Each structure stands twice: as C-alpha cells, then as structure tokens.
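Asks: After the structure tokens below, expect a handful of questions from me.
The values are calculated or read from the model by the stated rules, or taken from the named source; none is laboratory data. Because the structure is predicted, anything quoted here is derived from the model rather than measured. Cβ sites come from the backbone with ideal geometry, for glycine too, and all protein chains shown count toward neighbours.
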Amino acid sequence: MKRNGWKKLLATAGVMSLTVGCLSGCGGEPQGNPQTGSTQPGSQAQEQSQEQSQEAPGSAKVTFPLAEQVELTIATPDGAVASLADNLPIWEEIQKRTNIKINWDVTASKQYVDVMKLRVGAGGGKLPDIMFLPNGLNLAELGGEGTILPLEDYIANCENIQKAYEQFPNVKALTSADGHIYSVNTLNESAYFAPYSLVIRKDWLDRLNLEVPETIDDWMTVLRAFRDQDANGNGDSSDEVPFSAGGHAWYTTYWANAWGLHLFQSDGWYPDENGQMQYEFISDEAKEFYTWLNSFYEEKLLDEEFLTLGDENKLFEKVARDEVGAFTAYPSRIATLEAALASNGVEGAELIPVIPPQGPYARMTEVVGDMTVNGYVVTKDCKHPDVAVALMDFMMSEEGKELMNFGIEGDTYVKENDGTYSFTEKVTNNPDGLSASEVLSSYGCQLGLCYMKSDKREQAMLFSYPEDLQQKIIDVTDATRPYMVPGMTLPPATEEESDSISGLSGDLATYIWEMTGKFTVGTADIEAEWDNYVSYVKQLDVEKILAVKQAQYDRLVSQQ
C-alpha cells in the first residue's frame, strides 16, 4: 500500500473526528472545591532545568527534569500483559526524564472499580496522589466534598493539555462540571479509523458462491447458507456457527444500528432530531429489533452459547477452530485470527471486515470517539498537585506521545526522516510469539496514565500487517465513513444531579441486559410482555435519569 494513500485517508478521518466529535466525543456513558492540605495553584515549584513545561502569567511553571526528586503515587488498573509495578521500560524512561519517582498502586482491571470505590467511600485512609476515576464515582460530587482537586489553575500552565483542548474542542466541556475541570483524559487522534465492524469468512462465501451481504435480508440469506451447506467444507453440515458473539447480550446490539438505535456504544441514551434525549431500549424500534433478534436465534443463526461463552477470547477460540462464519471485532484482529486458523490446519481461510448492513430504518455504525469516558484525577492528599498535573501535561507532549505509543526509539521503533514511524522486528515479528500490541504493553505503552493516542501509531501498526490486510482496513474504513455516527458521551453530572439518580442506572442496566437475553432466546415473549417491560423500566425511574441526561446534553450543546 502506498504511504500517501494512508495520508489521504487519515486527513479525511481527522475531519470526521473533529466534526462528529463536536457532537459527543466518544461512545459509552459519561460518568470543586477549595483544596485542603496541599499546595495552592500557582505556588512556587522546585527549581528545575530543561525546557519541557509551560508558563501562565503570574504563576510558577514546572519544568522537567525536576531539580529535586518528587514522589507520586498513581492508582490505576494494572496491565494484562505485564505489571506496572515491575518498573516497565517506558515508565523507567518517563521517571528518568521528569525526575519523578512513581509508586504504583495497581489493581487487576476487573477488580479496580470495586476496590477503588470502597477506598474512596471509606474516607479514612490516605488516597493516592493521582487516581484513575472508576465508573460509579461522580466528578462534581467528589470535587464538591474536596476529595479531588479542581485542575484548571494548573492546566493554565500546561501548554500541551491546552493544545489538546484546541484540537478537540468538545473535550473541555466533557471534563468540566460546576465550572471546574477535575480530570485529564486519554485522547485519540485516530478515533474514526478502522472502526469496530462485522467480520465474515470470505472463503466460506466463495465456497458457496455468495456475495458479501449488504442488507439485513442479505445477511439472513448468507447465514442460513452457512448453517445448512457445509460452509467450512469438512463434510459435516451441522458443525458451523453462522454468527457468534462474545459472551454477553450487549454484543448482539451491534445489529440494532440497522434499526437506527444507539444501543451498542451509547447504551440507548441518545437525542432525537429535536434534541430531546430518549431511552431507545423502550422504543417501538427496539421492539422490532428484539423481534428480529429472536428470529435470528430461533433459526439457529446466532450461536446458542452467546450468553455463556464468558468473553471475547472464547469467541476467538471458536473462530480459530473453523466453526464461526461471522462475528464482530476490530479489523486489527484479523491477522491474528487468520494465523490461528492456519496453525489449526485450515488452508485458505480469509476474514474480511464489512460495512454495516442496510436495515429497516438505517445504515450506520456507532463509533467510539476521541476521548475516554473516565480520566485521571488529583486527590486531596497530593502534596505536589502542580507536579502531578505537569506530569499529565508531559504525557500529552510529543515526547510523551512517542513513549506511550511507540516505546523506546531504536528498540521498539525507528523514526523515519519524513516523520513517520516504523516498528522494529521485535514488535512486528516477535521471537516469543507476542502480538505487536502485547510487545508494546510489556514495555508499558498506553498504560498507567492519560496520554494522546497518536494517529501515527495507527499508521505504524497498519504497515506492520500483511499488505492484503492493510488494504482491507483502508477499504472498510473508507466505505464505512458515510455511515459512522458518534456514540454519546455527556458532560459530568452536577452533584445535585448525581444525587437525584444515585443507584438508579445500575438497576436499570441489570434489568435491560437480563431482558435482552430473555427476548432473544424466547424465554420472554415479546408481544405478550412488551408493555409490562416498558412499564417496569419506567418504574425504575428512567424519566428521572432522562431529565438529568437532558440537562447534561443541553450543557454540551451550549458549550459548542
């Protein structure tokens, strides 16, 4: 693939990121006070050398490396491949360049939310200096009670964070509540490249003389053929799973895009054409979607184990065993899955990402946007908040971006004269059999703190794939772009708003996913039980939640 082709694609994707990002920022759900016992904004930092940092009129600046070392404790979910506590190379380098000694307070990713909510809620123990804010904790509430610090006075000294706000104008609104900024979030320059997609076995299509499906009806026809016509060619027409999903009812809601519903990335909370927030799980279109999904399951087109697989890895194991005809995934998974199929003796297996299907009401796909939902906060127990925020600013600098996206120059990557990056053989053809992402994670890339995900990383990753996969990813991105819609992220709720709906969203989500599963497999009859379902959702105070989300959305629109 020609590299100038990448540049053309990236330029267009960048426009999409900014224009679509102005509506919402990213997929998923959204999530001050005088400081006590810590340095005030604008206090004199230690004497320092080497220009890295920034200056605001009338206040001190923090420059790296610090003349005298400062220790900071960071609480964050731990890495899956390697532990941050093991002094990973990226973070060893960051500590060297800043003269900040980092003490890691890490918890396994699956336990992090529960552990940190207990610690913050207990109120008695010392909190880490910097903390990744877990789901279920409200920025404005924590700021109002003084648990976390407002950061805007420090950010006034932070050139790189301010540049990020200029690059992503919606982000500042999404991290502000009650007039304060409480968190710094990870940002993504390439949010709209290689979106989460339907993936299908092209060799199965070819074996059965079928075209790539374009509509929901086409998909039904193709998947019926996969079910009945020995698509994997092993002589047994009963061992194919036409479509599989990753172990939760949520994965099936990708198909709801075709009914114009925003269930997959936005959890059903989305404004209508008049700017009024709706809860789409109880809409007439949702009833139609569930009716179709039930028929999808009853015809044995959907994996009977879709609710019990456990996680995506179990799905990918099935794919590697030559059992699955189609599924949803990021296109970057394709090379690994094709290699796994080949290692299992499946010759000529080919997976391709495809654009979303035309459905009864829409052809669209929700796209995760340019900002993570949750960010990093500075707590009341931090003795050096100016240094803490300056470290976050360092992470957003070109220097920080290189470290967090590419690793160590000369070891994991080479920077070309034209400003592009290439990963070394250690990353692209690892002797221990690790994927590129696993190698970079083992170095500490994209772990531990907020950072800017570079579009140039996506370029370097793309060029590490086989050429045919490079072109597939380029093609599906280009073809999907007209159908991309942003997932909904809202500004943080105020303390009063948060208090008014405390505990409601969790009960609602539990019920929704339970009923999605029941409607799909037929243990709940849609026609007979729909009115009771809608009534019960309303009893769970969905109108209260909608009122809060409407207020949040109105604030977002007013700040654009």
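Asks: Among the residues of segment 126-133, are any among the β-branched types (Val, Ile, Thr), more than 26 Å from the chain's Cα centre (by Cα) and either exposed (fewer than 12 other Cβ atoms within 10 Å of the Cβ) or on the phi < 0 side of the Ramachandran plot (or both)?
Replies: We begin by selecting, within segment 126-133, every residue among the β-branched types (Val, Ile, Thr); these are 130.
Next, from what is left, pick out any that are more than 26 Å from the chain's Cα centre (by Cα): none.
Looking for residues that are among the β-branched types (Val, Ile, Thr), more than 26 Å from the chain's Cα centre (by Cα) and either exposed (fewer than 12 other Cβ atoms within 10 Å of the Cβ) or on the phi < 0 side of the Ramachandran plot (or both), one finds none in segment 126-133, hence no.
Asks: Show the residue pairs that are 6+ apart or on different chains and have beta-carbon atoms under 7 Å apart, the first residue being within segment 97-123 and more than 18 Å from residue 392 (Cβ to Cβ) and aromatic (Phe, Trp, Tyr), the second being at pLDDT 95 or above and crowded, with 18+ Cβ neighbours inside 10 Å.
Replies: Close Cβ pairs satisfying both conditions: 112/77.
Asks: Follow-up. Quick check on segment 303-321. Is at least one of its residues under 30 Å from residue 538 (Cβ atoms) and out of contact with any Lys or Arg (no Cβ under 7 Å at 6 or more places or on another chain)?
Replies: Of segment 303-321, the ones under 30 Å from residue 538 (Cβ atoms) are 306-307.
Next cut, out of contact with any Lys or Arg (no Cβ under 7 Å at 6 or more places or on another chain) only: 306-307.
Yes.
Asks: Which of the following residues is surrounded by fewer than 20 Cβ atoms within 10 Å (Cβ to Cβ), within 20 Å of the chain's Cα centre (by Cα) and farther than 23 Å from residue 551 by Cβ: 162, 167?
Replies: Details: 162 fails: within 20 Å of the chain's Cα centre (by Cα).
So the residue among 162, 167 that is surrounded by fewer than 20 Cβ atoms within 10 Å (Cβ to Cβ), within 20 Å of the chain's Cα centre (by Cα) and farther than 23 Å from residue 551 by Cβ is 167.
Asks: If you check 528, 547, 551, 509, which single one turns out to be exposed (fewer than 13 other Cβ atoms within 10 Å of the Cβ), hydrophobic (A, V, I, L, M, F, W, C) and assigned to a helix (DSSP H, G or I)?
Replies: Working: 547 fails: exposed (fewer than 13 other Cβ atoms within 10 Å of the Cβ); 551 fails: exposed (fewer than 13 other Cβ atoms within 10 Å of the Cβ); 509 fails: exposed (fewer than 13 other Cβ atoms within 10 Å of the Cβ).
Result: 528 is the single residue among 528, 547, 551, 509 that is exposed (fewer than 13 other Cβ atoms within 10 Å of the Cβ), hydrophobic (A, V, I, L, M, F, W, C) and assigned to a helix (DSSP H, G or I).
Asks: Out of the residues in segment 397-420 that are of a type in the set (S, T, N, Q) and closer than 14 Å to residue 441 by Cα, state the one that is nearest to the chain's Cα centre (by Cα).
Replies: Step one: of segment 397-420, the residues of a type in the set (S, T, N, Q) are 397, 405, 412, 417, 420.
Remaining after also requiring closer than 14 Å to residue 441 by Cα: 405, 412.
Working: 405: 16, 412: 24 Å.
Checked segment 397-420; the qualifying residue nearest to the chain's Cα centre (by Cα) is 405.
Yes/no matrix, rows are residues, columns are (1) in contact with a Phe, Trp or Tyr (Cβ under 8 Å, 6 or more places away or on another chain); (2) closer than 26 Å to residue 446 by Cβ; (3) not β-branched (Val, Ile, Thr); (4) not in a helix (DSSP H, G or I):
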residue: 136; (1), (2), (3), (4): no, yes, yes, yes
residue: 150; (1), (2), (3), (4): yes, no, yes, yes
residue: 157; (1), (2), (3), (4): no, yes, yes, yes
residue: 173; (1), (2), (3), (4): no, yes, yes, no
residue: 192; (1), (2), (3), (4): no, yes, yes, yes
residue: 200; (1), (2), (3), (4): no, no, no, yes
residue: 212; (1), (2), (3), (4): no, no, no, yes
residue: 217; (1), (2), (3), (4): no, no, yes, no
residue: 234; (1), (2), (3), (4): no, no, yes, yes
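Asks: Suppose the filter is outside the structural domain of residue 479 (by TED's automatic domain parsing), in contact with a Leu (Cβ under 9 Å, 6 or more places away or on another chain) and at positive phi; does residue 303 pass it? Please lay out each step first, then the result.
Replies: Details: outside the structural domain of residue 479 (by TED's automatic domain parsing): yes; in contact with a Leu (Cβ under 9 Å, 6 or more places away or on another chain): yes; at positive phi: no.
Judged against the criteria, residue 303 is not a match.
Asks: Let me ask another. Of (1) buried (at least 20 other Cβ atoms within 10 Å of the Cβ); (2) more than 17 Å from residue 295 (Cβ to Cβ), residue 236 satisfies all except one. Which?
Replies: Status for residue 236: all satisfied but (1).
Asks: Would you check if there is a residue in segment 488-506 being at pLDDT 95 or above and either buried (at least 17 other Cβ atoms within 10 Å of the Cβ) or in a loop (DSSP other than H, G, I, E, B) (or both)?
Replies: Initially, segment 488-506 is screened for residues at pLDDT 95 or above, giving none.
Checking segment 488-506: not a single residue is at pLDDT 95 or above and either buried (at least 17 other Cβ atoms within 10 Å of the Cβ) or in a loop (DSSP other than H, G, I, E, B) (or both).
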